[in-house]
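The values are calculated or read from the model by the stated rules, or taken from the named source; none is laboratory data. These numbers were taken from a predicted model, which means no experiment stands behind them. Reconstructed Cβ throughout: ideal geometry from the backbone, glycine too, with neighbour counts over all protein chains shown. Heavy atoms of the whole protein, side chains included, go into the accessibility calculation; ligands, DNA and RNA do not. Shrake-Rupley method; radii C 1.70, N 1.55, O 1.52, S 1.80 Å.
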Amino acid sequence: MSTIPGKDATLERPDGLPRSAGPWHRRALAMLVRALPVANFSQAFASTLARRDLLQIVAYVVLSLGAALAGSIAAICLVPLVQPGPSQAFSRYDSVEMQALAFGVATGSFALLRWQAARLGAALASRCGMNLRRMVHARLIDAPLGELADTSSAEIANLLTYNIEILVQGFGALLQLAIIGVTTAVSLAFVFWVSPTLMLVSPALLGMGLLAARAWGREQSTVSRQYVADMTRLFWLSEDFPRRLRYVRSFEREGAEKAGYGAIAAQLGLGYRRQLELVAAGRLVLELAAAAGIAGAFVLAHRWHGIDSASLIAVSLLLGRLLPYLVSTRQSCQQLRSAAPALELWKRHMRHRRDALSAVSARALAMGDVLAIGRLRLRAPLGGLCVRDLVLAPGELTLVSGDSGIGKSSLVDVLAGMTLPADFTAGVGGQSIGFDDYRALVRNGAYVSQSVRPWQHTVRECLAWAAPAAGEETMLGVLEDVGLGRWLGATREGLDAALYGSASRLSGGELQRLMLAQVILRQPLLAVLDEATGALDASSELAVLAALKRRLPRSILIVVSHRASVATMAEQHLEIGRDLASTVVRYATTGRSAPGDATFG
C-alpha cells in the first residue's frame, strides 16, 4: 500500500469521486460528499492504518451497532413502564418486573457497548496521530533538499504538532459519524417498525439533514484555513525566541513586536470565536429542523395511521435519541471542514519524492586512494560555478572561501553528496567514477553548519546520538579534544548536564564545539564544516581544527570559513570569486603564515 495519498487518483479529485463513476452517479455522490466531507479524510486516514487497525475499526462499527440496537430496545422497553395498557406493539410484556428487567438489561448492555467502543476509538485515534506524525516526518527526512528549500521551520513545526492534532480531531469526527450513522439507521428502523407510515416523510427528513449539514460550510473552511495560517505565523514568531529577544531589545523594538504578536493573537481569537459561532448556528438550525420534522411526523402518523399513544411514545423516544446525534453530526462535519487545510498541508508534504541520495549504500575508500574531481558544475541558478582539478585526500583539510551568498554552501552540498550537480567527472585509483559511485564513497560523512544546534536534552544524549556504541570514557575524551573538558568538570551533572538548562547553559561557541565532538565520534570519511566554527575566536578555531585533524587521520575535512588564518592549516584552498570563477591552490607544506584574523572577501 502506498503511503503517499497524492498518488491515489480518487483522493486527488476535489470531490473525492472515482473517475469511473457515471455522470448522474457523480453528481449525486458529489452532493453527499460536499454535505458530509468524509471521502478524502477516509482514504487519507486509511493509508495510515495497519491491518490490525482496520480490524479494530470493524469491531468499533460492530460495537456501535450493538450499542444502537441495545439503546433502541431500551427505548421500546421503557414504553410499557410509562404507558401501561394494551398495545399491539408491546403485547409481549406481561409484568412490570419483566418489563423493568428487560429495560435494565438493555440499558446496561447499551452502556457497556458504548464504553468498549469509546475505548477502541481512543486507541484508534492515538495510533492514527502516531502514524500521521511518523509518516510525514519520515517523508521529510527522506525528501530532497531542494524540495524543502522554500519551507520554513515554522511550517515544519506546525506540521508536526498542531496540524496533526487537528487531523486527529478529524479522525475522531469520522469515528463519531460512524456511530451516528449506525445509531440513526437502527433507530429509524425501529421507528418504521412501530409506524410504517413514517417512511413517507423519510426523504424530507434526509433532505433537511443534508441542508442543515451544508449550512455555512464554505465559510467554515475559509475560517479554518486562515486559522491554520495564523497559527503558522505564531510558530514563526516564537522560533528561537531567546536569541531573537536580544536582537529585538537592542533595536528597541519591543513595542512593535508586542503589537505584531497582539494583532495575530487577535486574529486567532476572532477566528476561534467565528468557528464557535458557526457551530452554534449549525446546532440551532439542526435543532429547529429536527423539532419541526419530529412534530410533523407525529401529526402525520396520528392522523393518517391512528397509532395508539404507546406507539407514539415509542416513536418519540426513538426519535428523541437522535436529537443529540443531529447536533454531533453538525459538529463532526465542521471538525472535518476545519481539518481540511491541515489535511492539505499533510498531503503536500507527503508528496515529497524520496531522495535517491539517501538510499545509497556506503563504500570504503581503499588505503592510499584519493578522490580526484576533474570537473564539477552546479545546477541553475549557480550554473556558472564550475570547479576543476580538486583533490580530496584523507587526512587533508580543504578550505573553501568566497563572498557571502556566492554559492559555497551549494558547492559543499554537492561535495557531501546531498544534492546533484549539473556535470561531474572524477576518478579514484586511476579509474573514472560517476556521481553515484562518488556518493557511495562519501556516504559515511558528517555535515555541520553554523545554523544547526543540538536538539537533544543532555550532553550524553547528544554524543550518543552520533555514536550509540560510544562509552563514557570515549565521550569524555572527545569533549576534552574540542575544549569542553573544563566546562564539563565545572558541572555537577557531568555528561548528564542539560544543554539548555539555566545552570549549565552552553554558549554558541560551546555548542559548536559539542557538534564537532560528534564529528570525532562519527569518524567519517568526509567531514564538511560549513562555517561550523564561526562562533569561536580565531585561535580557538585553529585549536579545534588541529584537534579534528589529529583525531581524524582518515577523514577528508572540508571547511567553509571567511577567516584567512584557516589557510595556515589547509593543504588545499578553493576560492570562489565574485564572477563565480573558482581557483584551487594546493600547498606543499602546512604551517604557512597568514595575516592574523583577516578575512576573505
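Structure notes:
- For the stretch 347-506, a/c is not less than 1.5, where a ≥ b ≥ c are the root eigenvalues of the C-alpha gyration tensor, and a/b tops b/c. That puts it in the prolate class.
- Scoring 525-531, 404-410 by mean Cβ neighbours within 10 Å over their residues and listing the highest first yields 525-531, 404-410.
- Full extension of the segment from Arg578 to Ser152, taken as 0.36 nm per residue of separation minus the current Cα-Cα distance, would add 150.5 nm.
- Gain upon complete extension [Tyr500, Ala259; 0.36 nm per residue less C-alpha separation]: 83.9 nm
- The stretch 371-586, accessible area per residue, ligands and nucleic acids excluded (1.4 Å, Å²): 41 Å²
- Per-peptide packing, taken as the mean over residues of other Cβ atoms within 10 Å, places 169-177, 227-235 in the sequence 169-177, 227-235 from highest down.
- Placed amide H near Leu385: partners under 5 Å, 5+ positions off or other chain: Leu378
- The simple Förster model, with R0 at 60 Å and r as the Cβ-Cβ distance, assigns Ala543 and Ala118 a FRET efficiency of 0.45.
- With each label modelled as a point 7 angstrom along the Cα→C-beta vector, the Ala266-Ala189 pair spans 5.6 nm.
- Placing +1 on the Cβ of every Lys and Arg and -1 on the Cβ of every Asp and Glu, with nothing else charged, gives the stretch 371-586 a dipole about its Cα centre of roughly 160 debye.
- Remark: the stretch 454-459, residue by residue, has Karplus-estimated 3J(HN,Hα) of x, 10, 7, 8, 10, 4 Hz, where x stands for each Gly or Pro and the curve is 6.51 cos²θ - 1.76 cosθ + 1.60 at θ = phi - 60°.
- Percent carbon-and-sulfur accessible area, the stretch 371-586, ignoring ligands, DNA and RNA, probe 1.4 Å: 49 percent
- Residues of the stretch 366-384 with amide N under 12 Å of a point placed 7 Å along Cα→Cβ from Gln431: 366
- Estimated inter-spin distance, Ser126 and Arg388, nm [label 7 Å along Cα→Cβ]: 6.4 nm
- Under 5 Å between amide hydrogens, built in the peptide plane, is the criterion, and for Gly402 it picks out Ile576 among residues at least 5 positions away or on other chains.
- Atom-type composition of the exposed protein surface of the stretch 123-166 places 59 percent of the accessible area on carbon and sulfur (1.4 angstrom probe).
- Simple spin-label estimate for Glu277 and Glu344 gives 2.2 nm between the two label positions (7 Å along the Cα-to-Cβ direction from each Cα).
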